[in-house]
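Participant: Supplied in structure tokens, the structure appears directly below.
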Amino acid sequence: MRKIFIAGNWKMFFTADKARAYATELKEALADINDVDLAVCTNPIALEGVAKILAGSNIGVGSQNCSENNEGAFTGEVTTEMVKAVGATYALVGHSERRTIFGETDAIVNAKTKKILAEGLLPILCIGETLEEREGGITEKVIKTQLTAALDGISAEDMEKITVAYEPVWAIGTGKVATPEMAQETHAQARQILANLYSDELAQKVRIQYGGSVKPENAKELMNQPDIDGALVGGAALKADSFKGIATYNS
Ligand code: PGA
């Protein structure tokens, strides 16, 4: 009932030229896939070119970041209006790199999520614990705090537009993937938290992606877990063969 959703996070890779060439390659390579939803999240400079190439295809386009503010004196930032105007449908928010490197707090993540929704974009809301928190046995508490804060003041109707991405920070770009059982346990906890915040019915509709060193080799086992509804992919999304390998995990 929840369609698997595989999204690529290209992070700070690819010039506009390279991104266009890669989008063209992906469009061709993934053209026959219709049993999973697909998207790629690019840097703001590459977004317009990639969105033009992928328009009308089975691959959606997202931004990796946008401001919680309207236009104004915010040097270096882009607005939700700007990314939407050049073709974004999705917007990542709360990625652990934004939280740790750029100091985004739960309150900022909440404000950005609201702004993304108000613009009519679909948020991919990232949550996840650090290694220290995992080892300290507080993973569930951390994701509860993150989800509760990020979703504060967001209606059930808007919640249905959000994809949650559970990404244990210690598994991002490290090659250390959470075991499927470990990921499933946390996904089930996240879904229960959503059920408590909204309703069980709504929680059953929300897609929860897993992220952190997802590769073609581990995608199937992860996707086969009952509460894992897709993947947010970094490193392995930068090459067409590995992104395709993940998107076709079931074949
Ligand atoms: P990774 O990154 O797949 O390279 O671990 C995932 C992410 O940061 O979204």
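Condition check ((1) within 16 Å of the ligand (Cβ to nearest atom); (2) surrounded by 15 or more Cβ atoms within 10 Å (Cβ to Cβ)) across all residues:
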{"site": "E97", "(1), (2)": "yes, yes"}
{"site": "L131", "(1), (2)": "yes, no"}
{"site": "E157", "(1), (2)": "no, no"}
{"site": "A183", "(1), (2)": "yes, yes"}
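Participant: Considering (1) surrounded by fewer than 17 Cβ atoms within 10 Å (Cβ to Cβ); (2) within 15 Å of the chain's Cα centre (by Cα), say which one F243 fails and leave the rest.
Facilitator: (1)
Participant: How many residues are within 18 Å of E129 (Cβ to Cβ) and either within 16 Å of the ligand (Cβ to nearest atom) or in a helix (DSSP H, G or I) (or both) when one looks only at the range 99-117?
Facilitator: Adding up the residues that qualify gives 6.
Participant: Applying the selection to the range 193-215, what residues are away from the ligand (no atom under 12 Å from the Cβ) and in contact with a helix residue (DSSP H, G or I) (Cβ under 6 Å, 6 or more places away or on another chain)?
Facilitator: Residues satisfying the conditions are I193, L194, A195, Y198, L202, A203, V206, I208.
Participant: Could you count how many residues in the range 79-95 are part of a loop (DSSP other than H, G, I, E, B) and more than 12 Å from the ligand (Cβ to nearest atom)? Spell out the reasoning first.
Facilitator: Of all residues in the range 79-95, those part of a loop (DSSP other than H, G, I, E, B) come to 79, 86-89, 94-95.
Filter again for more than 12 Å from the ligand (Cβ to nearest atom), leaving 79, 86-89.
The total comes to 5.
Participant: Give the range 11-29 a look and list any residue that's surrounded by 22 or more Cβ atoms within 10 Å (Cβ to Cβ) and touching a residue at least 40 places away in the same chain (Cβ under 8 Å), or say none.
Facilitator: Y22, L26
Participant: Residues in the range 53-78 that are part of a loop (DSSP other than H, G, I, E, B), in contact with a Phe, Trp or Tyr (Cβ under 9 Å, 6 or more places away or on another chain) and surrounded by 21 or more Cβ atoms within 10 Å (Cβ to Cβ): how many?
Facilitator: Counting residues in the range 53-78 that are part of a loop (DSSP other than H, G, I, E, B), in contact with a Phe, Trp or Tyr (Cβ under 9 Å, 6 or more places away or on another chain) and surrounded by 21 or more Cβ atoms within 10 Å (Cβ to Cβ) gives 1.
Participant: With under 16 Å from the mean Cα position of the chain (by Cα), in a helix (DSSP H, G or I) and closer than 21 Å to G8 by Cβ as the only criterion, which of A231, A236 stands out?
Facilitator: After applying the criteria, what remains is A236.
Participant: Among K176, K141, which is the only one that is surrounded by fewer than 15 Cβ atoms within 10 Å (Cβ to Cβ), assigned to a helix (DSSP H, G or I) and not acidic (D, E)?
Facilitator: Within the list K176, K141, the selection yields K141.
Participant: Report whether or not A231 is within 16 Å of the ligand (Cβ to nearest atom), out of contact with any helix residue (DSSP H, G or I) (no Cβ under 7 Å at 6 or more places or on another chain), on the phi < 0 side of the Ramachandran plot and among the hydrophobic types (A, V, I, L, M, F, W, C).
Facilitator: Spelling it out, it is not the case that A231 is within 16 Å of the ligand (Cβ to nearest atom), out of contact with any helix residue (DSSP H, G or I) (no Cβ under 7 Å at 6 or more places or on another chain), on the phi < 0 side of the Ramachandran plot and among the hydrophobic types (A, V, I, L, M, F, W, C).
Readers should treat all values here as calculations from the given coordinates under stated rules, not as data from a laboratory. All figures in this text were calculated on a predicted structure; none of them were measured in a lab. Here Cβ is always computed from backbone atoms with ideal geometry, including for glycine, and neighbour counts include all displayed protein chains.
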